[in-house]
Amino acid sequence: MEERIGNIDSIIKHWKESSDQNYLTMQNLLKSRDYSWSLFIGHLVIEKLLKAHYVKNLKVHAIFTHDLLRLARKTEMNLPDDYEEWLDVISTFNLNARYDNYKQDFYKLCTKEFTELWVTRIENLRTWLIRQL
């Protein structure tokens with residue numbers, strides 16, 4: 001087991017503020033129609049809030065992972081079923097935008113409609129996660 005940390009509030013604040021900055025970037029990328037990168041940054045918005053919850057609930061530094069569903073389950077939060085499904089899909093935005101062999105297919109998938117749907121879901125998750133902090 002990891003050693004417990006003492007500066008929990010400042011670490012949670014760091015994750016939350018970093019997530020807030022990424023949220024603004026996601027919105028700007030959406031406005032500029034850079035849809036695949038908007039979703040990639042949206043993944044970071046949620047990842048950082050989940051890491052804040054990890055620190056809050058477990059009193060240790062967050063694990064190094066980009067798998068949102070795995071991270072959420074480790075926080076021992078009680079997520080609604082649809083949020084679990086969303087986290088699973090949003091995790092793919094990290095891989096698909098990052099690796100060349102997935103980028104072109106992901107770019108084609110990220111239409112305006114697809115991106116707006118997932119940005120709305122990211123916003124819903126974000127609001128719910130912030131309320132839980």
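The table below lists the values:
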quantity	calculated
Restricting segment 81-113 to residues that are assigned to a loop (DSSP other than H, G, I, E, B) and either in contact (Cβ under 8 Å) with a residue 24 or more places away in the chain or touching a Lys or Arg at 6+ places or on another chain (Cβ under 7 Å) (or both), the residue that is nearest to LEU39 (Cα to Cα)	CYS110
Residue in segment 7-29 that is in contact with a Cys (Cβ under 6 Å, 6 or more places away or on another chain), among the hydroxyl-bearing types (Ser, Thr, Tyr) and closer than 26 Å to GLU85 by Cα present	no
From ALA52, ALA62, ALA72, residue being under 16 Å from ASN124 (Cβ atoms) and of a type in the set (Gly, Ala, Ser)	ALA72
Selected residue (only one of GLU47, GLU116, GLU85 is of a type in the set (D, E, K, R), surrounded by 13 or more Cβ atoms within 10 Å (Cβ to Cβ) and under 26 Å from ILE11 (Cα atoms))	GLU47
Conditions (1) more than 24 Å from ASN7 (Cβ to Cβ); (2) surrounded by 13 or more Cβ atoms within 10 Å (Cβ to Cβ); (3) of a type in the set (S, T, N, Q); (4) out of contact with any Ser or Thr (no Cβ under 9 Å at 6 or more places or on another chain): number failed by GLN104	(2)
Residues (in a helix (DSSP H, G or I) and either touching a residue at least 60 places away in the same chain (Cβ under 8 Å) or closer than 15 Å to ASN28 by Cα (or both)) located in segment 115-133	THR115, GLU116, TRP118, VAL119, THR120, ILE122, GLU123, LEU125, ARG126, LEU129, ILE130, GLN132
Residue check, LYS31 basic (Lys, Arg), more than 23 Å from ARG4 (Cβ to Cβ), surrounded by fewer than 13 Cβ atoms within 10 Å (Cβ to Cβ) and more than 15 Å from the chain's Cα centre (by Cα)	yes
Residue in segment 48-71 that is of a type in the set (A, V, I, L, M), under 14 Å from the mean Cα position of the chain (by Cα) and over 30 Å from GLY6 (Cβ atoms) present	no
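We did not get these values from a lab; they are worked out from the coordinates using the rules stated. Only a predicted model underlies this, so the values are computations on that prediction, with no experimental measurement involved. Cβ: placed from backbone, ideal geometry, glycine included. Neighbour counts: every protein chain shown.
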